[in-house]
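Q: Just dropping this structure here.
The values are calculated or read from the model by the stated rules, or taken from the named source; none is laboratory data. These numbers come from a predicted model, not from an experiment. Here the Cβ positions follow ideal geometry from the backbone for every residue, glycine too, while neighbour counts run over all protein chains shown.
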Amino acid sequence: MTTNTLKTALLLGLLSGILVIGGGALGGRNGLYIGLAVAAAMNFASYFFSDKIALASYAAQPVSETENPEVYRKVAPMVGNLCQRMGLPMPKLWLIPEDSPNAFATGRNPAHASVAFTTGILRLMDDREIEGVVAHELGHVLHRDILISSVAATIAAAITLLARMAFWFGPRGDDDERGGALGGILMMILAPIAALLIQMAISRSREFDADAASAKYTGTPYELISGLQKLETYSKRIPMEATQATAHMFIIKPFSGRSLGNLFSTHPPTEERIARLQAMR
């Protein structure tokens, strides 16, 4: 079992436990059973459909010779060349209709990988910078980070939804139900925080490793350095409405302008990433 496979199994178990315990806090015995059922369903959906869920949440459109052919002609050759260098199969390509520049990779393994770009990143960057970004995302595919990233996004979204449900429904306080008002309040506060803390734990070192892969397989760190500088600047000028559950998937944290989101950093500081890349020269 690989390290990332083990991490994925532990993550599924931990987050499933939160769902079960949260269900019990909200609805007592019946809530616990519901939480268990939801956890089982989410585990199945997270493994097989997390990539589709993530892409659908941003209205991603397929990129092929017949669908978005101009984008395909622009990015497919460089993706194909990088895949040959890395020994990877060609991933599916997707376009997100979003002005804010960003990109992410998803899928359960290299054979079922997808790379998505926003329209903003393709307009903003030149070909060399796009190649640096593509190599970074393929680095996540190469290191098999994409499954744990996608699973975390799906289950974190489910936990956040359960926490919000606590506000509307809450515990009823029947004798056979263990939940109380305090349990519901704690669930609303702690579940999103737990999900975000888990995202932080799995994201920060992965970004450094993917940055290093970009420098290695493009032959220079400067393509990605230039790309990260532009992303840092323009993602703040053009905010993106990304959910906290999926923010860790992007190459750079989507800037939404909301102060609450800034409390939870799912990425290392861009300045530190650039400094490490500069040291590779």
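Q: Is there a residue in the range 137-149 that is in contact with a Lys or Arg (Cβ under 6 Å, 6 or more places away or on another chain) and outside any helix (DSSP H, G or I)?
A: Yes: one or more hits.
Q: Then there is this: Search the range 226-238 for residues that are over 10 Å from Gly132 (Cβ atoms) and pair each with any residue that is outside any helix (DSSP H, G or I) and of a type in the set (Phe, Trp, Tyr) when their beta-carbon atoms are under 6 Å apart and the residues are at least 6 apart or on different chains.
A: Matching pairs, first to second residue: Ser235/Phe255; Lys236/Phe255.
Q: Output yes when any residue across the range 78-86 is under 21 Å from Ala242 (Cβ atoms) and buried (at least 21 other Cβ atoms within 10 Å of the Cβ), and no when none is.
A: no
Q: Now, a different point. Residue check: is Ser214 touching a Phe, Trp or Tyr at 6+ places or on another chain (Cβ under 9 Å), modelled with pLDDT of 80 or more and buried (at least 23 other Cβ atoms within 10 Å of the Cβ)?
A: When the stated conditions are applied, Ser214 does not pass them.
Q: Quick test of your reading of the structure: Ile121 fulfils all but one of (1) closer than 20 Å to Glu241 by Cβ; (2) within 11 Å of the chain's Cα centre (by Cα). Name the failing condition by number.
A: (2)
Q: Quick one: would you say Leu93 is buried (at least 21 other Cβ atoms within 10 Å of the Cβ) and either assigned to a strand (DSSP E or B) or not charged (D, E, K, R) (or both)?
A: So Leu93 fits the description; yes.
Q: Do the conditions hold for Pro101, that is, is it crowded, with 17+ Cβ neighbours inside 10 Å and in a loop (DSSP other than H, G, I, E, B)? Talk me through it step by step, then tell me what you get.
A: Values: crowded, with 17+ Cβ neighbours inside 10 Å: yes; in a loop (DSSP other than H, G, I, E, B): yes.
When the stated conditions are applied, Pro101 passes them.
Q: Considering the range 109-130 alone, what residues qualify as being surrounded by fewer than 24 Cβ atoms within 10 Å (Cβ to Cβ) and in a helix (DSSP H, G or I)? Before you say what the answer is, go through the steps one by one.
A: Step one: filter the range 109-130 for residues surrounded by fewer than 24 Cβ atoms within 10 Å (Cβ to Cβ), giving 109-112, 114, 119-120, 122-130.
Answer for the range 109-130, where residues must be surrounded by fewer than 24 Cβ atoms within 10 Å (Cβ to Cβ) and in a helix (DSSP H, G or I): Pro110, Ala111, His112, Thr119, Gly120, Leu122, Arg123, Leu124, Asp127, Arg128, Glu129, Ile130.
Q: Could you tell me whether Thr5 is at pLDDT below 80, of a type in the set (Val, Ile, Thr) and more than 18 Å from Thr246 (Cβ to Cβ)?
A: yes
Q: Restricting to the range 38-70, give me the number of residues that are surrounded by fewer than 19 Cβ atoms within 10 Å (Cβ to Cβ), at pLDDT 80 or above and part of a helix (DSSP H, G or I).
A: Adding up the residues that qualify gives 6.
Q: Collect the residues in the range 94-109 that are touching a residue at least 60 places away in the same chain (Cβ under 8 Å) and polar (S, T, N, Q), keeping them in residue-number order.
A: Across the range 94-109, the qualifying residues are Ser100, Asn102, Thr106.
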